[in-house]
Structures are given as structure tokens and as C-alpha cells.
1. Run down G424, G445 and say which single residue is more than 16 Å from the ligand (Cβ to nearest atom) and surrounded by fewer than 21 Cβ atoms within 10 Å (Cβ to Cβ).
2. Return the residue satisfying two criteria in turn: it lies in segment 334-349 and is under 27 Å from H408 (Cα atoms) and of a type in the set (A, V, I, L, M, F, W, C), and of such residues it is farthest from the ligand (Cβ to nearest atom).
3. If L353 passes every condition in (1) closer than 21 Å to F423 by Cα; (2) away from the ligand (no atom under 16 Å from the Cβ); (3) not small (G, A, S) but one, which one does it miss?
4. Condition first: within 16 Å of the ligand (Cβ to nearest atom) and free of Cβ contacts under 8 Å to residues at least 60 places away in the same chain. Now tell me which residues in segment 374-412 satisfy that.
5. Just to confirm my filter: which strands (runs of 3 or more DSSP E) fall fully inside segment 1-106 and include at least 2 residues that are among the charged types (D, E, K, R) and either surrounded by fewer than 20 Cβ atoms within 10 Å (Cβ to Cβ) or free of Cβ contacts under 8 Å to residues at least 40 places away in the same chain (or both)?
6. Take segment 356-406 and flag every residue that is within 18 Å of G425 (Cα to Cα), acidic (D, E) and under 19 Å from the mean Cα position of the chain (by Cα).
7. Report yes if some residue within segment 333-340 is surrounded by 19 or more Cβ atoms within 10 Å (Cβ to Cβ), at pLDDT 95 or above, among the aliphatic types (A, V, I, L, M) and in a helix (DSSP H, G or I); otherwise report no.
8. Within the bounds of segment 240-248, is there any residue that is assigned to a loop (DSSP other than H, G, I, E, B), within 23 Å of E172 (Cα to Cα) and either out of contact with any Pro (no Cβ under 6 Å at 6 or more places or on another chain) or within 16 Å of the ligand (Cβ to nearest atom) (or both)?
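The values are calculated or read from the model by the stated rules, or taken from the named source; none is laboratory data. All figures in this text were calculated on a predicted structure; none of them were measured in a lab. Cβ sites come from the backbone with ideal geometry, for glycine too, and all protein chains shown count toward neighbours.
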Amino acid sequence: MDARTYRARRQELRRNVPHGAILFLGLDEAPRNYAANVYPFRQDSHFLYYAGISQPDVALLLTPDGAEIFFGPAADLDTIVWSGPLPSPAETAARAGVDHARDISQLPTAVADLRRSGAPILYLPPYRAAIAQKLAGLLGRPANEIAAGASLDLARAVARQRSVKSGEEVAEIEAALDVSAAMFRAARAAVRPGRVEAEIAGAMQAVALAQDCPQAFLPIVTVRGEVLHNNSYHRVMQAGDLLLIDYGAESRGGYSADITRVIPVAGRFDERQRAIYQVVLDAQLAVIAAASPRVTNRDLHFIAARKIAAGLKEIGLMRGDLEEAVQAGAHALFFPHGIGHMLGLDTHDIEDLGDIVGYPEGEARSTQFGLGFLRLARRLEPGFVVTDEPGVYFNPPLLDLWETEKRHAEFINYSAARQYLGFGGVRIEDDLLITADGCRVLGPGIPKAPAEIER
Ligand SMILES: [Mn+2]
């Protein structure tokens with residue numbers, strides 16, 4: 001994106017937060033096992049949003065008088081020898097439309113001058129200890145007070161602004177989805193009985209790497225899909241297994257795709273797998289049909305929950321009055337998570353700022369099991385990009401516990417559910433752009449009808 005975009009974003013932020021200085025710190029290199037061996041660098045998403053500068057050890061200061069100052073490292077000879085030449089801070093600043101540039105070593109003095117002037121210095125709550133430490137040093141406060149000292153006004157304004165995606169941002173997400181579609185094709189071609197999950201994860205990663213794209217998050221590639229964030233890849237796939245892949249490429253501009261598909265290892269779904277798969281697909285499609293600014297994401301969650309409960313009743317796994325069952329949370333034995341979340345520069349977009357993104361002021365998360373994991377409850381707006389990811393899982397420890405407690409026994413057929421232990425899980429996830437009167441499924445269309453998956 002060009003300098004004008006970043007400048008316009010900062011100007012809008014300034015209109016919404018007119019007081020004080022605003023300080024954004026970029027991320028630093030994070031050591032993996034010793035200082036010189038670092039994790040792949042990924043810039044902080046707010047920094048990317050307001051400046052597009054993907055470089056460690058940088059800062060952006062918006063002063064109360066309206067000036068914008070970029071702070072960045074100057075390349076010394078060692079850097080040039082080991083890492084190559086670096087644009088000057090002034091060159092980097094110009095690309096982000098920032099008028100002033102200084103060496104990063106001057107940041108402490110600039111912040112100290114502001115503090116002396118009495119101007120409040122607003123910052124976002126840091127999610128990395130190293131950044132909290134850095135802020136503590138700059139602001140002269142103990143590191144354990146940094147989170148509490150973050151500006152709620154600033155966080156609200158940033159969350160508000162980043163929640164609504166521009167056409168350019170949607171194009172970035174769709175670029176990530178194009179790569180993700182190719183990753184799905186590679187996965188499907190590689191799945192067969194006797195192979196290890198890691199071979200599939202490797203085939204998918206190869207596609208992303210070959211396009212010089214990172215993966216937006218650690219992918220889930222597992223035949224034990226009932227463990228929701230299963231990040232092990234060591235199991236050998238058997239003919240009766242379902243392989244669940246939850247993954248997404250990240251675009252060059254840092255935008256995330258988030259896709260889940262399920263592939264029968266045998267190449268075809270058996271009867272039981274097909275029935276459960278269809279229940280999940282019906283729920284996923286019902287959400288697409290209903291998603292619009294007329295509903296909240298909580299409404300969508302309940303649309304999916306009711307569809308799942310109805311489907312499971314037909315199969316004989318649930319029973320009784322389904323509206324009562326869903327209100328009581330009985331379906332959460334099978335669907336224990338929320339319907340979805342915001343998507344953008346972060347896979348769980350802007351969730352570093354907490355529930356101010358997903359919940360309106362004054363509305364707290366439910367404490368009910370399942371519903372409590374709903375990350376986004378607010379009314380949808382044109383420009384929101386959200387995931388739609390219902391699932392049905394058979395989790396043995398959860399089933400054991402609920403059955404022992406006879407929890408929701410009037411709604412759950414435990415002896416039938418027991419027959420599904422070992423089944424794993426099914427989740428189907430797409431990324432939706434909310435439009436003025438509905439939604440659009442983003443991306444090139446990654447197969448999800450059973451016949452398309454099997455082809
Ligand atoms: Mn997701």
C-alpha cells in the first residue's frame with residue numbers, strides 16, 4: 001500500500017484521538033534459543049497498519065502538535081556486512097508518508113522531552129514482555145504497570161478503525177486465500193493411508209514457501225481434530241481417519257487467510273463421516289446465508305448451534321426440545337467453540353487489544369461452556385471480515401466427564417455418542433466479507449462439498 005494510505009489512516013486515528021502523543025513501537029527480533037538465532041521476524045500488526053514498515057527496532061511518534069516522527073536504525077558497517085545495506089530512517093519514513101525521521105537512539109530523548117512538557121503519552125497494551133520492558137524504560141514506570149497504563153481510548157479507536165477493511169485490505173486477504181487454495185490442493189493430493197501428518201504439513205508449507213509467503217499461524221494438520229488446537233504432526237494416517245487441516249497463508253502485506261477443511265484419508269467419506277460432515281456443512285452454509293449487518297455474530301453462532309443440534313438429533317446423538325438444549329449449552333459437547341472471529345492483519349484480528357474488538361462496551365463474555373469461547377459477539381458491519389467455522393467433535397475426556405456428571409442428559413444420547421469415540425472432528429471454515437446487505441465468501445472457492453473433496 002502506498003504512503004497516502006498510511007497517512008490517511010494516521011489522520012483518521014488523530015481525528016478520533018485528538019489529545020496527547022501516540023507512541024507505536026515496532027517489534028524486535030525474538031531469540032529462539034540464543035540471542036543470534038531468532039524466530040522469523042514478523043512486525044507488529046498496528047505498526048504495519050499505520051506505517052507498513054516491516055523492520056525491527058523502529059518506533060512511530062505522533063506528537064500533540066500534529067507532527068509525525070519515525071525512528072529507525074541507521075546501518076552501521078557490521079549490519080551492512082552481515083545483513084546487507086539498510087535504507088536510511090528518512091527513506092523508510094518517506095515510504096510511509098512520515099515527514100520526520102530520526103535515529104532510533106534518539107527515541108528516549110524525544111519521549112523524555114514530551115514527558116517534561118506534561119503531554120500524556122498514549123500507547124497500546126503490549127503483548128510481548130520485551131516491549132513492556134522497553135516502554136517501562138521510556139516512560140520511567142515499572143514494567144508491571146505498563147499494561148494497566150495503556151490507553152483505552154487509543155485501543156478503542158484502533159480497534160474500530162482496523163475492524164472495517166478497505167478494498168485494498170480485502171484484496172490482500174484474497175491474495176492470501178489464493179495461496180491457501182493451492183495449499184489445499186497440495187494437501188489433498190498428498191493424503192493417503194500410511195503417510196504421516198507431517199508429510200501433509202510439509203506439502204502445504206512447500207506451496208507457501210515457494211510463493212515467498214509465511215503461514216499466518218502454526219497450522220493444524222491432524223487426524224485428532226477433536227483436540228481443537230492440535231499442533232503435533234507425528235501420527236500415521238489410517239484409512240478410516242479424517243484429516244483436519246486448519247491453516248492459512250499470510251500475504252506479502254501481512255494479511256491472513258484462515259481456512260479449515262477435512263479430508264477423508266481413505267479418499268471417500270464413509271456413511272457416518274458423510275452424515276456428520278453434512279451437519280457441519282449445513283451449519284456453515286446457514287451462517288453464510290444469514291451473515292449481514294442485520295445480525296450480530298452471536299446470532300450467527302446460535303444459527304450454527306441450532307443447525308448442529310437439529311442435525312445431531314436426526315442422527316440420534318441429541319434429543320428433546322432443541323431450543324432448550326441450545327439455550328442450556330448442551331450442543332457444546334459437540335460444538336465447544338465459537339462460530340468465528342475477525343480476520344485481517346492478525347488471524348484473530350486485533351485480539352491483542354482484548355474483548356473491546358469482539359464485544360460492545362458493557363457486554364461481557366458468557367460464562368457458559370462453549371459460548372464463553374465466542375470471540376466476536378458484536379453486530380456485523382459492512383467491511384468486517386469474519387470467519388465462519390462451525391464444527392462437530394467427539395472428544396473422549398469431555399464426553400467421559402459430561403456423562404459421569406449426567407450433564408444435559410435429557411438432551412444428549414450418551415450411549416450413541418460413545419459409538420463415535422475415535423471419530424475425531426469435522427470443522428469447515430471460510431472467510432466472509434460483510435457487505436451492505438449480506439456477505440461474500442472470500443477467495444477463489446476452496447472445495448468443501450463432499451464430492452469435491454473426494455475428487
Ligand atoms: Mn479461525
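1. Checking each option against the conditions leaves just G445.
2. Residues of segment 334-349 under 27 Å from H408 (Cα atoms): 334-340.
If we keep only those that are of a type in the set (A, V, I, L, M, F, W, C) as well, we get 334-335, 339.
Values: F334: 18, F335: 14, I339: 10 Å.
Top of the filtered list is F334.
3. Looking at each condition in turn, L353 falls short on (1).
4. Within segment 374-412, R375 is the sole residue that qualifies.
5. It comes to 100-103.
6. Across segment 356-406, the qualifying residues are D388, E389.
7. yes
8. The answer is yes, given that some residue of segment 240-248 is assigned to a loop (DSSP other than H, G, I, E, B), within 23 Å of E172 (Cα to Cα) and either out of contact with any Pro (no Cβ under 6 Å at 6 or more places or on another chain) or within 16 Å of the ligand (Cβ to nearest atom) (or both).
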